[in-house]
1. Tell me the residue from G708, G756 that is outside any loop (DSSP other than H, G, I, E, B), open to solvent by less than 50 Å² (accessible area, probe 1.4 Å) and farther than 14 Å from L794 by Cβ, please.
2. When you scan the stretch 295-309, how many residues do you find that are in a helix (DSSP H, G or I) and open to solvent by less than 10 Å² (accessible area, probe 1.4 Å)?
3. Does the stretch 208-223 include one or more residues that are farther than 29 Å from M137 by Cβ and at pLDDT below 70?
4. May I ask you to list the residues in the stretch 789-816 that are under 60 Å from the mean Cα position of the chain (by Cα), within 13 Å of E730 (Cβ to Cβ) and modelled with pLDDT under 85?
5. Could you tell me whether I84 is of a type outside the set (S, T, N, Q), open to solvent by less than 40 Å² (accessible area, probe 1.4 Å), touching a Leu at 6+ places or on another chain (Cβ under 9 Å) and within 20 Å of F183 (Cβ to Cβ)?
6. For the stretch 108-167, enumerate the residues that are polar (S, T, N, Q), in a loop (DSSP other than H, G, I, E, B) and open to solvent by less than 90 Å² (accessible area, probe 1.4 Å).
7. Do you know which residues across the stretch 14-33 are open to solvent by 40 Å² or more (accessible area, probe 1.4 Å) and closer than 16 Å to S87 by Cα?
8. Under 7 Å between Cβ atoms, at least 6 apart or on separate chains: pull out the pairs that start in the stretch 685-706 with a residue that is under 17 Å from S721 (Cα atoms) and without any contact (Cβ under 8 Å) to a residue 12 or more places away in the chain and end on any residue that is hydrophobic (A, V, I, L, M, F, W, C) and open to solvent by less than 60 Å² (accessible area, probe 1.4 Å).
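The values are calculated or read from the model by the stated rules, or taken from the named source; none is laboratory data. Since the structure is predicted, the reported quantities are computational estimates derived from the model, not experimental observations. Because the Cβ atoms are built from the backbone with ideal geometry, glycine has one as well, and the counts that use them run over all protein chains shown. Quick note on the areas: whole protein, heavy atoms, side chains included, nothing else; ligands and nucleic acids left out. Shrake-Rupley method; radii C 1.70, N 1.55, O 1.52, S 1.80 Å.
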Amino acid sequence: MSEQNDTPTTQPPAQESLPLIALESAVVFPYTVISLTLDDDNIAAAEAALKNGRHLLLVPRRPDAASSAPLAEQLFPIGVVARIEQSGVLPGGASGLVVRGLVRAELTGEVEAPYPRFSFIRRPDSFELTPELNQLMIEVHAAIDAVLDLRPGITQEIRNFVRSIEDPGHLADNTGYSPDYTFAERLELLSTFDVVERLKKVRDFYRKQLALLEVQARLRQEVQESSAKQQREFYLRQQMRAIQKELGEDDAEAAELDDLREKLAAANLPELARKEADRELNRLGRINASSPEYQMVRTYLEWLAELPWGKHTGHAIDVAYARQVLDEDHYGLEKIKERILEYLAVKQRRAAMGEDSGRAGREPILAFVGPPGVGKTSLGQSIARALGRTFVRMSLGGVRDEAELRGFRRTYIGSQPGRIIQELRRAGAADPVILLDEIDKLGNDYRGDPAAALLEVLDPEQNNTFTDHYLNLPFDLSQVLFIATANTWDTVPPALRDRMEVIELSGYIEDEKVRIAQSHLIPRQIKANGLRPEEVTIEESALRAIINDYTREAGVRNLERNIGGVLRKVVRALAEGQGGKGATPGEPGEAASPPAAPVVVDAAFVRTALGRPRFYNEAQERIDQPGVATGLVWTPVGGDIVFVEATAVEGNRELKITGQLGEVMRESAEAALTYVRSRARELGIDPKFFDTHAVHIHVPAGAVPKDGPSAGITMATALASAATGRLVREDVAMTGEISLRGRVLPIGGIKEKSLGAHRAGIRTIILPRRNMADLDDLPPEVSQELTFVPVDTLDEVLSTALRPPQAPMLANLGGMIPASREGQLLPR
């Protein structure tokens, strides 16, 4: 298409129709000049206009029109009559026009032509200058000037051009090209024929733009005053939030607040917690979502909503059912079960009388104390099952910071509640059974004493208002059943001990271990190793071999571990096609099919599977010369035997003590030596013996620290044996404190020491007479197999423990047995 430069007339020719060009997403207003790029569909209409007065219609296409619809249905009914000012070829090779809008036109119909041609009615601006119109013009100019002042990069020429427009219609139409208008808003402006109404829309539009720009300017100022590190992110979020709020689109945060409000309403909060939650919820609504404080407050409210305020899951206490559960889960422990049932019966009675069991008097907290593997934790699980409550185990070993139990204050970043509140949330109930495991291993340092935090938790008169530092609200712990466990009671602070009642679990005898293994350990290990009960049979002799030769413990933890080791050998034997009684693990089979008979585990199978025995009767092998005596000791893992060795060598008068002994044990050695020297003549010892000999006392296992007064009579016996040359009986062990006058004083741990002696094969025990009452706690089976010799003086000890001078010894399969026994024995 060639360029035309004909000078157009000032008015369009008097005709009823003009060629039409449809505009895509564009609007042309009167009094304005724009350039258009022509496509193939519009070239014919443009050429017709150039040949007939250079006038044509420019009409926007409807944004929702279907492309397959007739052109008349696709067009907006209002357009503009425009004059072609210039035509030509654009740099890209496409044809283009420069047009000037003249007057609005309302389409009346399509005219048949080889190109788009429509009839129309002109809609020129018509107005009367009135004071109201003048005031409206002033308001529009003021709004536009204010917007331009807030727009960066607006030149003074543009400002002057806008201010120079005095025609109302011209002013309104020239604003239509502002980039702030949407396409729909431009169409609305084009279809408004009334000049006054058009100016009002322009005024309202620019006032709205002015308000948004003022918000942006205010936010920009706030952002500049914020920290440089968060400047960009905070600015963008603030702008977005402010704009959304102005437009009424701030729905996401409102939905989040509504969700929190619903959760808190359903949480059954007490009155004080409800007030705090409402206060924090209102504060959350005023905090910006990008602020770190927003997340802190939200997390706090989520904790309040998720805690089990007043939610109870346990059923009424049934003592008979509790007895059934305890018997199913544990063999033996009759006295322990009786005390637990008494405890539950009292709680049941108080509940029946309507008393608050958490506040009626000083109800003690149960504490299970005993060596590892005796069933302390499983007892807690059984109690929880009997009560129908959730069981929570909270290990306290190594806890050194009070805040771990009571929480961190909310002033710290990343703060959270303490473990007690955390466990209650996990349990989902306010009445779980919480096992405070390893309470004897609590530590303390500069961060506080966790044991002090437990004082409130375990006191029934205070724990109904337990206050966690993070929540800073009272939470009722009175319905929680706390049970503590410990290996030793000595390291527990006295104030904490005062709040608990100790139930001691000393350990199991051999028969009890056999029954526990048959009832609980073997079925559990068979399942754990992928076996079926009909595939393996473990004889009682095999269990006793494991107990005596491969474990020496108060509990059954190592017993279960060794049973698992044996069963793994069985699994291998089955995989290799072996079976039958005494099948030897490790020998290859001929087939991988299941054996015709189950694998029978006997003592021989155990020795092959586990290797050489780890324990044997040390007493008969160690006491083969004078100066060695067997003592009894208490340890956190149960009672055991210990050997005390004494020897005298020629030299200066001296006492040497080795074996990493504590101060109390060293003093016991000195007292024993003094007493033996004072009784030298009665014992048949040369009075000058100790003046010409140096005495050395040693307790083996030197890497293990040892202390306590109960080895006093053992040391004195070893010294007397070394000085007289008389052997100590290998089947006798002893315990008791010694005084300088030779009195034997009572000591503790008799039950544990007796069980340890029984496990080691000792059958005669010398003990202080005043400790005889402690033997009532021993199982009847142990009492029947042991002989107890009560003594008051060291002379009685020596008369029982020392063999007669030059007593004849008889060989006895790996050890020595006495031909006769001296001393008065007291059977039980």
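1. Values: G708 fails: outside any loop (DSSP other than H, G, I, E, B).
Step by step, each of G708, G756 is checked, and only G756 is outside any loop (DSSP other than H, G, I, E, B), open to solvent by less than 50 Å² (accessible area, probe 1.4 Å) and farther than 14 Å from L794 by Cβ.
2. Within the stretch 295-309, residues that are in a helix (DSSP H, G or I) and open to solvent by less than 10 Å² (accessible area, probe 1.4 Å) number 4.
3. yes
4. G814, G815, M816 - these are the residues of the stretch 789-816 that are under 60 Å from the mean Cα position of the chain (by Cα), within 13 Å of E730 (Cβ to Cβ) and modelled with pLDDT under 85.
5. Details: of a type outside the set (S, T, N, Q): yes; open to solvent by less than 40 Å² (accessible area, probe 1.4 Å): yes; touching a Leu at 6+ places or on another chain (Cβ under 9 Å): yes; within 20 Å of F183 (Cβ to Cβ): no.
So I84 fails the test.
6. Kept after step one, since they are polar (S, T, N, Q), are these residues of the stretch 108-167: 108, 119, 126, 130, 134-135, 155-156, 160, 164.
Still in the running and in a loop (DSSP other than H, G, I, E, B): 126, 130, 155.
Result: T130, T155.
7. Hit for the stretch 14-33 is V33, nothing else.
8. As it stands, the answer is P687/A680, since those pairs meet every condition given.
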